[in-house]
Amino acid sequence: MSTSITRSTCPYCGVGCGVLIESQGDQITGVQGDPDHPANFGKLCSKGQTLHFTASPAVTAQTRLLHPMLRTSRGGPALRTDWDSAMSLAADRFHNVIREHGPDAVGFYISGQLLTEDYYVFNKLAKGVIGTNNVDTNSRLCMSSAVAGYKLTLGADAPPACYDDVNHAQCLFIVGSNAAFAHPVLFRRIEEARQRNPGMKVIVADPRRTDTAELADLFLPIQPGSDVMLFHGLLHIMLWEGWTDPAYIAAHTSGFDELKALVRDCTPDRVADVCGIRKEDLFTAAQWFAGLDDPRSGARKPTLSLYCQGLNQSSSGTAKNATLINLHLATGQIGRPGTGPFSLTGQPNAMGGREVGGLANLLSAHRDLANPAHRHEVAALWGVPSVPDQPGKTAVDMFQAAADGEIKALWIACTNPAQSMPDQATVRRALERAEFVVVQEAFATATTCDFADLLLPATTWGEKEGTVTNSERRISRARAAVPAPGEARHDWQIVVDFAQRIETQLRPGQSTLFPYDTPESIWNEHRESTRGRDLDITGLSYDMLDKQGPQQWPLRDGDAQGKERLYEDGIFPTADGKARFAALPWKPVAEPRESRFPFSLTTGRLRDQWHGMTRTGTLGRLFGHVSEPMVQMHPQDMERRGLKDGDLVHVTSKRGSIVLPLQGSASIGLSQAFIAMHWGPEYLSGRSSSGGVLAGVNALTTSAYCPTSKQPELKHAAVKVLKA
Ligand code: SF4
């Protein structure tokens, strides 16, 4: 049998690497990095290299959801049904809830792993047909603070830099990101840039001495949650030393005086104390960031910041993002090669979801729900009288509302909230109390499937068509190499089928708003919605992506290619064209450690696992790096408590407790502990504070969130650690 090659993308992280899928008949037999894809030029990390093994028949026979399944009683067996019955039931149950309780009694919780076309139809279904903004996504757990930070300061949710800037930067400021594990192919590019350019300085700020920190010329082991104080302290020093760029500030920004007054109190002594770092390191970091090795020359070396969940997953997430951007604006480190604030996207298509407005407070093409003109534009595009004006429930609030009985029907697609959401006790209550739960999913092994009344089998990587956008605004085509297994359907097809059925009940006699027969027909509508917006892609088509390869936005009608980096002209998408400084004060973490819970628990990724392990957990070789869950602590903390390597310990927060082995590690700060986020119920069981069964580290985490971005503080919870 001959081997076919299909060009697509890796479904894991936001680097968005291109892959060449090898297939024979209906089986994926191999995968290679795409040498022509600008995100990776042929490289793949351990996860990407093993994608084909996760799609082998031996694995998928055990993991995949292949038929619609119905559970007639909670906790009972899920029994096979047919698509027509399943979709009729779903439409009837949702319609009943809407008729009795109104449209806001239903909620859609979707995913940054969906393709842009899938996202678009979910958003249109909720806001255009049902009339609720209760559509949110696991991107809320991933990038919403980055969105809010960009909008607050630069005026639009648009990462201004690109991967190639790594090759131009003279200083890399990596903060709240373990790129070595979370974005390995980009990290390899950083390592190579450093080898080529020995003069490049790398600063890493992180509570843990991660593998990324091993690359640093200067490591700042900051206390969890102290980032805003660090950034204010750096600006304080820059001001004192004359390292800011007054000409750039005057020409291209507003609001600097207020910020200047705010950071006056952030003296090096205070900042060193709050952040737990040395004063002299603070000075070094400020000088390297400013890029003025010789201030008399005035020549400024370029600085690029790379950041991720350490800034985003925080009750101060927006402030962390915005105050880091302050530093770039104050020093003019933006809009030139090698400069800029550059948020690294956690998931493969969190960017695409933001582009179509698939969140509870957004509308299509970066429009704002709070803006009446934007609501009108979207309603006109869709051909509906209006879109609802009240913000929908964001992720945490959506599950809280279901737990409180306010949301009665939930539709969950391509994400696993029964493992990934913080405060699992509340999420379990929500899933148990909701009257009807639909789970649209490729993997039967996702924990959330256990709570579904109706399970809808979806296609996944290598089986579906559409587009994704990576961290550098680059849109790539995802392509199908093999047919859908069993009765699985594409996510967009499932949504369109449901939408057409519920339309007949909610909009009787009217023509459908979902006339799509291909992902391209959806994408073309999305493309038109971007006309005149900051992310305008009216010059881009599937045909162009096929012929010319992945492209960055914006790419307007008539453009030959997209824009590599933004704001080169110093004009920002704000009312006056100026970027805005954010004078936001530092606030401590939501749940500071105290005598009963004396450890700061941080969470994060492992190198070879992805999210809840539904895919990577099927391969023995990916357990070679870390084979079992463990909690890591500093050896001095262990010694003080009479604990040793391998001891089983209870790790307990106010919300729950889990038991796992202990491992000493000098990479962890004193009074801190670290647990990887991936381990689910097969590996890591525990109990809620009221005695219910829970699993994974999110039995412990808090749902406290940033008041602006609504992104929860998954990166910090106060815990105690006691021998089991
Ligand atoms: Fe996939 Fe990310 Fe690894 Fe690239 S770096 S192969 S996108 S997991």
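Observations
- Residue count for the stretch 66-117, restricted to those that are touching a His at 6+ places or on another chain (Cβ under 8 Å), crowded, with 20+ Cβ neighbours inside 10 Å and not polar (S, T, N, Q): 1
- Residue count, the stretch 242-288 (criterion: closer than 29 Å to residue 155 by Cα and of a type in the set (D, E, K, R)): 6
- Condition check for residue 205: within 16 Å of the ligand (Cβ to nearest atom), buried (at least 19 other Cβ atoms within 10 Å of the Cβ) and outside the structural domain of residue 668 (by TED's automatic domain parsing): no
- Considering 612, 669, 642, 646, the condition of being under 21 Å from residue 312 (Cβ atoms), out of contact with any helix residue (DSSP H, G or I) (no Cβ under 6 Å at 6 or more places or on another chain) and in a loop (DSSP other than H, G, I, E, B) is satisfied by 669 alone.
- Exclusive hit being surrounded by fewer than 24 Cβ atoms within 10 Å (Cβ to Cβ) and either in contact (Cβ under 8 Å) with a residue 60 or more places away in the chain or away from the ligand (no atom under 16 Å from the Cβ) (or both), set 164, 136: 164
- Qualifying residue in the stretch 702-713 (condition: over 23 Å from the mean Cα position of the chain (by Cα) and in contact (Cβ under 8 Å) with a residue 12 or more places away in the chain): no
- Filter pass, residue 325 being at pLDDT 95 or above, over 22 Å from residue 513 (Cβ atoms) and not assigned by TED's automatic domain parsing to the domain that holds residue 174: no
- Evaluating residue 13 against the criteria (1) within 21 Å of residue 114 (Cα to Cα); (2) surrounded by 18 or more Cβ atoms within 10 Å (Cβ to Cβ); (3) touching a strand residue (DSSP E or B) at 6+ places or on another chain (Cβ under 8 Å) leaves one unmet condition, (3).
- Single match in 325, 277, 334 (criterion: assigned to a loop (DSSP other than H, G, I, E, B), hydrophobic (A, V, I, L, M, F, W, C) and under 21 Å from residue 219 (Cα atoms)): 277
- One residue alone among 79, 65 is under 26 Å from residue 431 (Cβ atoms) and either small (Gly, Ala, Ser) or in contact (Cβ under 8 Å) with a residue 12 or more places away in the chain (or both), and that residue is 65.
- Residue check, residue 7 of a type in the set (Lys, Arg), away from the ligand (no atom under 16 Å from the Cβ) and buried (at least 18 other Cβ atoms within 10 Å of the Cβ): no
- Residue satisfying all of: in the stretch 11-34; part of a strand (DSSP E or B) and β-branched (Val, Ile, Thr); farthest from the ligand (Cβ to nearest atom) among these: 29
- Only one of the listed residues (587, 578) is farther than 30 Å from residue 64 by Cβ, in contact (Cβ under 8 Å) with a residue 12 or more places away in the chain and touching a His at 6+ places or on another chain (Cβ under 8 Å). That residue is 578.
- The stretch 133-161: number of residues that are in a loop (DSSP other than H, G, I, E, B), in contact with a strand residue (DSSP E or B) (Cβ under 6 Å, 6 or more places away or on another chain) and not hydrophobic (A, V, I, L, M, F, W, C): 3
- For beta carbons closer than 7 Å, sequence separation of 6+ or different chains, a first residue in the stretch 1-18 that is at positive phi and a second that is modelled with pLDDT under 95 and within 11 Å of the ligand (Cβ to nearest atom), the qualifying pairs are 16/348.
- Which listed residue is among the small types (Gly, Ala, Ser), farther than 21 Å from residue 458 by Cα, touching a helix residue (DSSP H, G or I) at 6+ places or on another chain (Cβ under 9 Å) and modelled with pLDDT of 95 or more, from 105, 90, 78: 105
- Residue match in the stretch 55-65 (condition: closer than 24 Å to residue 473 by Cα, surrounded by fewer than 21 Cβ atoms within 10 Å (Cβ to Cβ) and away from the ligand (no atom under 12 Å from the Cβ)): no
- Cβ-Cβ under 9 Å pairs, at least 6 apart or on other chains, the stretch 376-403 side on the phi > 0 side of the Ramachandran plot, far side buried (at least 19 other Cβ atoms within 10 Å of the Cβ) and not in a loop (DSSP other than H, G, I, E, B): 383/128
- Cβ-Cβ contacts under 6 Å between residues 6 or more apart (or on different chains), taken from a first residue in the stretch 638-659 that is among the hydroxyl-bearing types (Ser, Thr, Tyr) to a second residue that is at pLDDT 95 or above and surrounded by fewer than 16 Cβ atoms within 10 Å (Cβ to Cβ), are absent.
- Some residue of the stretch 29-37 being of a type in the set (Gly, Ala, Ser) and farther than 24 Å from residue 625 by Cα: no
Condition check ((1) surrounded by fewer than 22 Cβ atoms within 10 Å (Cβ to Cβ); (2) among the aromatic types (Phe, Trp, Tyr)) across all residues:
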| position | (1), (2) |
| --- | --- |
| 240 | yes, yes |
| 255 | yes, no |
| 274 | yes, no |
| 283 | yes, yes |
| 286 | no, no |
| 300 | yes, no |
| 308 | no, no |
| 311 | no, no |
| 321 | no, no |
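- Test: residue in the stretch 43-51 that is more than 7 Å from the ligand (Cβ to nearest atom), outside any loop (DSSP other than H, G, I, E, B) and surrounded by 19 or more Cβ atoms within 10 Å (Cβ to Cβ): yes
- Across the stretch 171-199, the number of residues qualifying as more than 16 Å from the ligand (Cβ to nearest atom) and touching a strand residue (DSSP E or B) at 6+ places or on another chain (Cβ under 7 Å) comes to 6.
The values are calculated or read from the model by the stated rules, or taken from the named source; none is laboratory data. Here the structure is a predicted model, which is why all the values come from computation and not from measurement. Cβ atoms come from the backbone with ideal geometry, glycine included; neighbour counts cover every protein chain shown.
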